[in-house]
Every structure is written in C-alpha cells, then in structure tokens.
1. Give the distance, in whole Å, between the Cα centre of region 219-249 and the Cα centre of region 98-116.
2. How many percent of the alpha carbon pairs in the chain exceed a separation of 31 Å?
3. Using Cα pairs closer than 8 Å and at least 6 residues apart in sequence, work out the relative contact order for region 17-160, in percent.
4. Could you pull out the pairs from 83/115; 3/56; 3/46; 46/260; 25/46; 46/115 whose alpha carbons sit more than 24 Å apart here?
5. Using DSSP H assignments, which helices in the chain have an axial alpha-carbon span of 18 Å or above and a mean Kyte-Doolittle hydropathy of 0.5 or higher?
6. In terms of the Cα gyration tensor, with a ≥ b ≥ c the square roots of its eigenvalues, is region 66-161 rounded because a/c is under 1.5, prolate because a/b exceeds b/c, or oblate?
7. Report in % the part of the accessible area of region 130-183 that belongs to carbon and sulfur, leaving out ligands and nucleic acids; probe 1.4 Å.
8. Would you work out if region 2-67 is rounded, prolate or oblate? Take a ≥ b ≥ c from the square roots of the eigenvalues of the alpha-carbon gyration tensor; rounded if a/c is under 1.5, else prolate when a/b is larger than b/c, oblate otherwise.
Amino acid sequence: MTKLRRENHYLPVSYQRGFADTSGKVWVKFANEPNPVHRNPRSVGKRRDLYIWTQKGVATDNVEQFFGNQVESQFALLSQRIKEEGSKFSIMSGVEQGVLCRFIAAQTTRTLAHKHCMEQQAGTSVDTNTFVRVMLRQTHALIENWRNRTPTIHFFTSLPLVGEHYVTGDSPVLAIQINESRVWMPGDTPQESITNLTDILSSPKHCFMIALSPYICVSVQNWGDGQTHLPPTHVPPRDVQWSNDLVRTQSREFVIALRKESLPRHLFTRFVAKGA
C-alpha cells in the first residue's frame, strides 16, 4: 500500500526559497508569536492532510502529487533564475510564461486563506473534498481564462535601491479589480472584500500580483498588449510598501521576508481573502 504524502505545503518550499537568505532560511512573523523567527522553508506554510481527499471512497494524494510534479518542480527552476538575475532578468520563454501562470493560478486557490474565505461565504465549515473540488475547478478556470486571452505580464523591481524588500505571506497573491469611473470622486479609496472569482474574471480590468523574490514582483493582467514586459520596470519604494501592506493585511497566520527588519511588528488577527 502506497504511503500518502500528508504534509501538504500550501506555500511551496520552492517559492519560499526565493525569499531565503544565504543560510537558506526565511524570516517569519507568525500571528501568535511576538518576535520573528528564522525558519527552514520546509517547516513553514504546511497543513497535514490539506489536500488528501477521497475518490470512490479511497483516500488519495493525487492533488498533492499534481502540485509537486506539474506546478512546483517546474516553477522552482524559474524562481531560482528570477532570484539570481534580479533586475537583469530579461528573457522568458513561452513555456516559462505557462509555468508562471500555472503557479499563480494554483497559488491563488490552494491556500488556507482561500479555504477560510469559502467557509465565510458558506457560513459553515467546508470539508476537504469540497475544498479540493472547488480549488481545482477555480484553478482550471484561471488557467483557461489566460489561455483564451493571452494576459499582459509586467515585472517590477525595487533595484537598484535596496531599502525596501518585497514580502510574502500565507496568502501571497493579490487579486485586484480596477473600477474606473468617468466621474472622479475625491473620497474614493481602495476597498478589500471577498469577491467571487467569476466576478473578478468578468470585470473589465483586473490583475493578479505576487512577489517572486525580495526584489521582483509580477502582475498578470487582462488588459494591455498581451506581451511579457522585461526587464523588470523599476518602481519607487512607496510601490513596494503598498504591495507589502496589502499582503500583510490579507495574510492571516504569517508573513515571510528576506530580513526580519522587513517584517511587521503585528499581524492582523482578521483576514481578507478573495477569489472564492
């Protein structure tokens, strides 16, 4: 009888390594711990049996294997290259674009934050089978959306400045809807909310953003020229701070950074997730 892979990382080790320091560890600020801790990525962002579901009455880890073989292992090579090349990252093949989009689609739906979001919408706890079925359906919907209409991919970097580092967390993908109006209202402010994925994908302008390393962030958007823009565009520190603030707000359990100085002193006990 095959032993199931029960230690399921919803924040892949290959992704966390993009934020690791020279010792191979990441700095983590947990919501229930007062001080940052230095951790091996394998010990962070996992939940036992998160993806172990039953098919025809038999428990299976085929979803965990799919993530490992079809998403994480392929993304690991690209992630390492992005981290090493930094602002000089200038060439990306069509295959690599597919790898990146597949990773972002999976990372949008596979987290505990997304499961909590589903439960908040349902008004009750969601069992593993339901979570996995919805997760796979929505991951597929995202990928198909990008296949049907080639997205515009923009890379951004804080380099050559090193004062601000991108952080990530247990809910790293920012799903952003841009609501444009002919009448500008001075009181308009960005609003965080739980939004159905179908509503996000049907909106005229939306994007999915994620930091890939302490110095590189990427945005996959449904408007523009359908091209991948490289090398990364330099952005001022305030843009990095804006992105980090959004990640901190929607991360429920922990935030990860290259240096502990980049971590927040406190994590919100509430959370805001999206795309359920």
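1. If you average the Cα positions of each part, the centres end up 18 Å apart.
2. Details: 8801 of 37950 pairs.
Distances greater than 31 Å cover 23 percent of the Cα pairs.
3. Details: 92 pairs, mean separation 27.2, N = 144.
Relative contact order, region 17-160: 19 percent.
4. Details: 83/115 29 Å; 3/56 18 Å; 3/46 18 Å; 46/260 21 Å; 25/46 16 Å; 46/115 14 Å.
Beyond 24 Å: 83/115.
5. Working: long enough: 73-85 (19 Å, -0.56); 94-109 (23 Å, 0.53); 128-148 (30 Å, -0.49); 237-250 (20 Å, -1.31).
Those that clear 18 Å and a mean of 0.5 are 94-109.
6. Values: a/c = 2.25, a/b = 1.95, b/c = 1.15.
The shape class here is prolate.
7. Details: 1390 of 2720 Å².
In region 130-183, the share of accessible area belonging to carbon and sulfur is 51 percent.
8. Details: a/c = 3.66, a/b = 2.15, b/c = 1.70.
Prolate, because a/c is 1.5 or more and a/b exceeds b/c.
The values are calculated or read from the model by the stated rules, or taken from the named source; none is laboratory data. Remember, predicted model here, so these are calculated numbers, not experimental data. With ligands, DNA and RNA removed, areas are computed over all heavy atoms of the protein, side chains included. Shrake-Rupley method; radii C 1.70, N 1.55, O 1.52, S 1.80 Å.
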